[in-house]
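Okay, structure first, notes after.
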Amino acid sequence: MSSALKLKLMMALVASLASTAVFADDKTLVVWDFKSSEPLMKPYFDIIKSTFEKAHPGVTVEEIAQPADTYYTVLGTAINAQQGPDVVLLNGGNLAIDRADALVPLKDKFADTIPNLVGLTSFQRTDGDYIAMPLTVQGSIWYYNKDVYKSAGLDPSKPPQTWTDFEAACTAIKAKTSASCVTFGNKDGTDFINVIATIAHGMWSADTRAKFFKHDLAWTSDEMRGVFAKAKEMIDNGWIENGVNSYSPYTDAVNILAGGRTGNLLGLISDAPNSWKNVEDMTGEGNVGVALPPAVDKDPAANPKRLEVDGGIGFAITKWSTNQDLAVDFIKTAVSTEAAAVLMQSAGGLPSNTKVDLSGLNSEAAKQVVNFLGCCSVDGRIKSYYVTAERAELQRVGQLLITGQMSVDDALQSIEQVRQKEIARKK
Amino acid sequence: MKRESIFVYLFVLPALGLFVIFRLIPLVAGSVFSFSDWNGIVDPRWIGLGNYAELLTDPVFQATMLNTVKVLITLPIWVGLPLLLAIFIYLEVPGARVYRAAYFFPIVLSSIIIGTMFSIILRFDGTLNQFVGLAHIPGVDWLGDGRYALLAVILVAIWAHFGMSVLIFLSGLTTIPPEIIEAARIDGANLTQIIWRIVIPMLRPTIELVVVMTTITILTSMFGLIYVMTGGGPGTATYMPEFLIWLMQGQFNRLGYASAMSVTLFVVVALVGIAQIRLMRNQWSP
């Protein structure tokens with residue numbers, strides 16, 4: 001073998017080893033979500049990926065958009081197999097907490113970030129640690145069609161503040177227009193549980209609310225009966241759009257409001273098709289009003305903070321991930337001021353990061369939502385504290401209450417039985 | 001062992017391997033986990049027959065099984081309709097070839113597409129209610145009212161599946177010698193007599209096969225339609241076993257309980273399979 005050939009072989013070997021070394025350093029951070037396929041959310045996911053990859057040469061972020069409808073089932077499969085994503089997107093509340101055992105506690109790792117974030121409670125374990133860092137804050141709020149209000153002889157600048165106002169508005173809409181007063185998208189029963197939560201918050205004392213958060217409030221209690229009595233009033237008085245059990249909350253219900261077929265829609269405040277951005281885009285800017293859930297059987301001045309808010313969606317790290325340090329950096333990028341600003345502008349997301357300047361939101365509905373966040377919001381949402389089994393039963397009985405196939409007593413008994421069963425099972 | 005025997009085993013090996021890995025092992029594992037309270041994350045907690053005891057008192061599971069019985073009661077329609085249509089095609093009614101293609105068409109559509117299509121038609125402000133509204137007939141919430149939702153899903157499922165049954169019946173009908181039918185015609189038998197006295201008796205093995213296959217379809221293949229059209233609701237009106245198992249596994253994180261439901265469903269389907277084998281054996285034995 002000639003020395004020139006030997007040299008070439010040596011060089012080839014060195015180059016080969018060097019390239020192996022580069023590949024050994026290359027890493028892929030796998031991120032699962034149920035949002036990045038939404039056109040409005042894509043710019044946000046693009047920016048966090050590019051920003052992170054720029055700061056971490058050799059690391060590739062693989063964002064995998066799972067179908068939203070089956071997300072938790074697919075995630076359950078990954079959890080069972082202890083493999084798959086390094087980082088996962090989660091909804092706040094029990095959907096996240098129920099999976100706490102599979103997720104890394106984050107309190108220490110994000111000690112520098114946490115002071116700038118709100119909405120953490122919906123990702124908080126019983127021992128106080130956090131299992132995810134929220135990207136957005138979320139809450140339920142009423143949107144109303146100003147044209148319908150005008151047609152009913154109502155003043156669109158003065159939405160209902162109390163249940164009595166709400167009743168008067170519904171009576172007027174029903175009498176003077178062909179629109180319904182309220183629509184839900186209750187195909188999966190979700191909107192009914194949101195309505196129950198907003199009525200409860202408008203009605204209950206702070207003590208009752210705290211009792212519910214601790215899972216100490218029976219569904220057959222007088223407090224709960226009071227809430228369901230109001231929901232039944234909505235049904236019996238014909239305020240609710242016909243056929244809501246076959247409508248989806250995110251498309252159908254918004255279309256019904258935008259088309260003037262209903263006066264009011266209980267939507268979300270952030271990054272969802274039934275939040276201000278899409279509702280306003282579809283109904284037309286200036287035609288959408290935003291109202292706090294009404295105070296129920298009490299003076300609104302005695303209960304001004306009627307917008308319940310907690311963490312909307314958040315990123316968590318799986319326990320089996322071998323890239324946990326990178327995952328921490330990725331999530332810090334995701335909740336950074338710069339990324340959160342993109343989320344706000346592109347998707348109408350209300351960021352959990354308190355350092356983001358919200359003054360950039362120019363639409364009338366957005367300004368109103370931001371105003372309510374400042375003046376009238378309270379931390380924690382009743383709907384986030386439904387235990388999974390209770391939540392499913394509530395979704396089921398809500399649909400039957402709407403069609404008149406179940407009484408309030410039977411509905412409450414049924415959910416209470418589920419609650420007792422869960423208590424017994426956990427013992 | 002003879003050389004030929006080794007080859008036989010080698011040919012069987014891939015299929016056997018797939019069966020063991022993807023059927024037998026999960027079945028055994030599922031059966032074992034059905035005796036545990038397991039969320040799929042921490043170690044299972046063994047509770048003996050606890051899950052099976054819970055099944056006996058779970059109103060949602062009971063409602064689901066009741067729905068299954070209700071759907072099984074409609075089995076004669078699932079079988080009778082395609083049988084009748086296949087006979088008409090076999091007897092070459094005008095346009096038979098077009099009908100054969102048209103009946104098979106739903107089979108090539110996924111249940112998600114069919115479900116979406118019929119959701120648009122059957123929802124409260126959907127096409128059907130708009131159509132009947134022209135005659136001032138008040139609309140019905142076909143998918144959102146518990147009195148109609150299961151019926152709506154059943155009718156759509158029949159539409160989605162009957163094409164395959166028509167094909168099976170057509171292939172069965174080809175085994176009937178045409179001379180027999182011709183002879184009956186010459187002897188003066190009318191259409192009804194030909195169908196009842198000749199076609200149906202000679203088609204019995206095929207009918208039994210379709211009955212059993214359709215029963216298994218009902219028990220295991222309605223998930224897609226239910227998922228898209230009603231999400232199981234309203235209430236539990238359209239819950240079927242596989243849908244409830246999926247909820248328990250994914251949404252509730254109760255893998256042990258879902259396994260107990262799966263084992264129960266497996267036993268039910270296995271009993272149907274045994275019935276199938278017995279029916280066939282009785283039919284084929286001299």
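Here's the yes/no breakdown for (1) touching a helix residue (DSSP H, G or I) at 6+ places or on another chain (Cβ under 9 Å); (2) within 26 Å of B:Ser221 (Cα to Cα):
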position	(1), (2)
B:Val132	no, no
B:Ile137	yes, no
B:Asp141	yes, yes
B:Val153	yes, yes
B:Phe169	yes, yes
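List the helices (runs of 4 or more DSSP H) inside the range B:109-207, counting only whole elements, that have at least 1 residues being more than 16 Å from the chain's Cα centre (by Cα) and within 14 Å of another protein chain (Cβ to nearest Cβ).
Output list reads B:111-122, B:127-133, B:149-173.
So which of A:Ile402, A:Ile423 ends up being surrounded by 15 or more Cβ atoms within 10 Å (Cβ to Cβ) and either at pLDDT 90 or above or at negative phi (or both)?
A:Ile402
If you go through the range A:119-158, how many residues are touching a strand residue (DSSP E or B) at 6+ places or on another chain (Cβ under 8 Å) and farther than 25 Å from A:Val182 by Cα?
Residues in the range A:119-158 being touching a strand residue (DSSP E or B) at 6+ places or on another chain (Cβ under 8 Å) and farther than 25 Å from A:Val182 by Cα: 13 in total.
Provide a single number: the residues in the range A:243-257 that are surrounded by fewer than 22 Cβ atoms within 10 Å (Cβ to Cβ) and either out of contact with any Gly (no Cβ under 8 Å at 6 or more places or on another chain) or more than 14 Å from chain B (Cβ to nearest Cβ) (or both).
1
Within the bounds of the range A:100-107, is there any residue that is among the β-branched types (Val, Ile, Thr), farther than 21 Å from B:Leu247 by Cα and more than 14 Å from chain B (Cβ to nearest Cβ)?
Checked the range A:100-107: no residue is among the β-branched types (Val, Ile, Thr), farther than 21 Å from B:Leu247 by Cα and more than 14 Å from chain B (Cβ to nearest Cβ).
One line per residue, one yes/no per condition, for (1) more than 30 Å from B:Phe169 (Cβ to Cβ); (2) of a type in the set (A, V, I, L, M, F, W, C); (3) surrounded by 16 or more Cβ atoms within 10 Å (Cβ to Cβ):
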{"position": "B:Val20", "(1), (2), (3)": "yes, yes, no"}
{"position": "B:Ile47", "(1), (2), (3)": "yes, yes, yes"}
{"position": "B:Glu54", "(1), (2), (3)": "yes, no, yes"}
{"position": "B:Asp58", "(1), (2), (3)": "yes, no, yes"}
{"position": "B:Val71", "(1), (2), (3)": "no, yes, yes"}
{"position": "B:Gly95", "(1), (2), (3)": "no, no, no"}
{"position": "B:Ile107", "(1), (2), (3)": "no, yes, no"}
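In the range A:363-402, what residues are within 14 Å of chain B (Cβ to nearest Cβ) and among the hydroxyl-bearing types (Ser, Thr, Tyr)?
Correct list: A:Tyr386, A:Thr388.
Only one of these is away from chain B (no Cβ under 14 Å), in contact (Cβ under 8 Å) with a residue 24 or more places away in the chain, out of contact with any strand residue (DSSP E or B) (no Cβ under 8 Å at 6 or more places or on another chain) and surrounded by fewer than 22 Cβ atoms within 10 Å (Cβ to Cβ): A:Glu416, A:Glu338. Name it.
Matching residue, one of A:Glu416, A:Glu338: A:Glu338.
Going through the range A:168-187 one residue at a time, which ones are in contact with a Pro (Cβ under 8 Å, 6 or more places away or on another chain) and either assigned to a loop (DSSP other than H, G, I, E, B) or crowded, with 18+ Cβ neighbours inside 10 Å (or both)?
Selection gives A:Ala169, A:Phe184, A:Gly185, A:Asn186, A:Lys187.
If we scan the range B:55-73, do we find a residue that is more than 14 Å from chain A (Cβ to nearest Cβ), in contact with a helix residue (DSSP H, G or I) (Cβ under 8 Å, 6 or more places away or on another chain) and among the aromatic types (Phe, Trp, Tyr)?
no
Which numbered condition trips up B:Met261, out of (1) more than 10 Å from every other protein chain (Cβ to nearest Cβ); (2) modelled with pLDDT under 90?
(2)
Name the residues in the range A:123-156 that are in a loop (DSSP other than H, G, I, E, B) and touching a residue at least 24 places away in the same chain (Cβ under 8 Å), would you?
Of everything in the range A:123-156, those that are in a loop (DSSP other than H, G, I, E, B) and touching a residue at least 24 places away in the same chain (Cβ under 8 Å) turn out to be A:Arg125, A:Asp129, A:Ile131, A:Ala132, A:Leu135, A:Gly139, A:Ala152, A:Pro156.
Is it the case that some residue within the range B:122-132 is buried (at least 16 other Cβ atoms within 10 Å of the Cβ) and more than 26 Å from A:Asn255 (Cβ to Cβ)?
No, there is no match, as no residue in the range B:122-132 is buried (at least 16 other Cβ atoms within 10 Å of the Cβ) and more than 26 Å from A:Asn255 (Cβ to Cβ).
Condition test on B:Pro44, is it within 14 Å of chain A (Cβ to nearest Cβ), touching a Ser or Thr at 6+ places or on another chain (Cβ under 9 Å) and not aliphatic (A, V, I, L, M)?
yes
Which of the helices (runs of 4 or more DSSP H) contained wholly in the range B:59-108 include at least 3 residues that are closer than 25 Å to B:Leu151 by Cβ and among the basic types (Lys, Arg)?
No helices (runs of 4 or more DSSP H) qualify here.
Kindly indicate the residue of the range A:82-99 that is within 19 Å of A:Ile193 (Cα to Cα) and either of a type in the set (D, E, K, R) or out of contact with any helix residue (DSSP H, G or I) (no Cβ under 7 Å at 6 or more places or on another chain) (or both) and also nearest to the other protein chains (Cβ to nearest Cβ) among those meeting that condition.
Among those residues, the one meeting the criterion is A:Asp98.
Would you check which residues across the range A:23-81 are aliphatic (A, V, I, L, M), buried (at least 17 other Cβ atoms within 10 Å of the Cβ), more than 14 Å from every other protein chain (Cβ to nearest Cβ) and under 17 Å from A:Ile317 (Cβ atoms) and list them?
Once the filter is applied, which keeps residues that are aliphatic (A, V, I, L, M), buried (at least 17 other Cβ atoms within 10 Å of the Cβ), more than 14 Å from every other protein chain (Cβ to nearest Cβ) and under 17 Å from A:Ile317 (Cβ atoms), the range A:23-81 yields A:Leu29, A:Val30, A:Val31, A:Ile48, A:Val59, A:Val61.
Say whether the condition of being under 28 Å from B:Gly250 (Cβ atoms), over 19 Å from the mean Cα position of the chain (by Cα) and acidic (Asp, Glu) is met by at least one residue in the range A:83-91.
Looking for residues that are under 28 Å from B:Gly250 (Cβ atoms), over 19 Å from the mean Cα position of the chain (by Cα) and acidic (Asp, Glu), one finds at least one in the range A:83-91, hence yes.
Residue by residue through the range A:82-112, note down the ones that are out of contact with any strand residue (DSSP E or B) (no Cβ under 6 Å at 6 or more places or on another chain), of a type in the set (A, V, I, L, M) and over 24 Å from A:Tyr386 (Cα atoms).
Correct list: A:Ala111 only.
Out of all the residues in the range B:238-252, which are within 18 Å of the chain's Cα centre (by Cα) and either at the interface with another protein chain (Cβ under 10 Å from one of its Cβ atoms) or part of a helix (DSSP H, G or I) (or both)?
The answer is B:Tyr239, B:Pro241, B:Glu242, B:Phe243, B:Leu244, B:Ile245, B:Trp246.
Please report, ordered by residue number, the helices (runs of 4 or more DSSP H) entirely within the range A:328-423 with at least 1 residues that are more than 23 Å from A:Ser36 (Cβ to Cβ) and among the aromatic types (Phe, Trp, Tyr).
In the range A:328-423, the matching helices (runs of 4 or more DSSP H) lie at A:364-376.
Run down A:Lys305, A:Lys332, A:Lys298 and say which single residue is of a type in the set (Lys, Arg) and modelled with pLDDT of 95 or more.
A:Lys332
Name the residues in the range A:206-227 that are part of a helix (DSSP H, G or I), surrounded by fewer than 14 Cβ atoms within 10 Å (Cβ to Cβ) and under 24 Å from the mean Cα position of the chain (by Cα), would you?
The answer is A:Ala206, A:Ala210.
Anything in the range A:82-115 that is of a type in the set (S, T, N, Q) and either surrounded by 16 or more Cβ atoms within 10 Å (Cβ to Cβ) or at pLDDT 95 or above (or both)? List them, or say none.
Listed by number, the residues that qualify are A:Asn91, A:Asn94, A:Thr113.
So that you can scan it fast, the table gives a plain yes or no per residue for (1) polar (S, T, N, Q); (2) more than 28 Å from A:Leu394 (Cβ to Cβ):
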residue: A:Ala100; (1), (2): no, no
residue: A:Lys107; (1), (2): no, yes
residue: A:Ala132; (1), (2): no, no
residue: A:Leu135; (1), (2): no, no
residue: A:Asp147; (1), (2): no, yes
residue: A:Gln161; (1), (2): yes, no
residue: A:Asp165; (1), (2): no, no
residue: A:Ser180; (1), (2): yes, no
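The values are calculated or read from the model by the stated rules, or taken from the named source; none is laboratory data. Remember, predicted model here, so these are calculated numbers, not experimental data. Cβ atoms come from the backbone with ideal geometry, glycine included; neighbour counts cover every protein chain shown.
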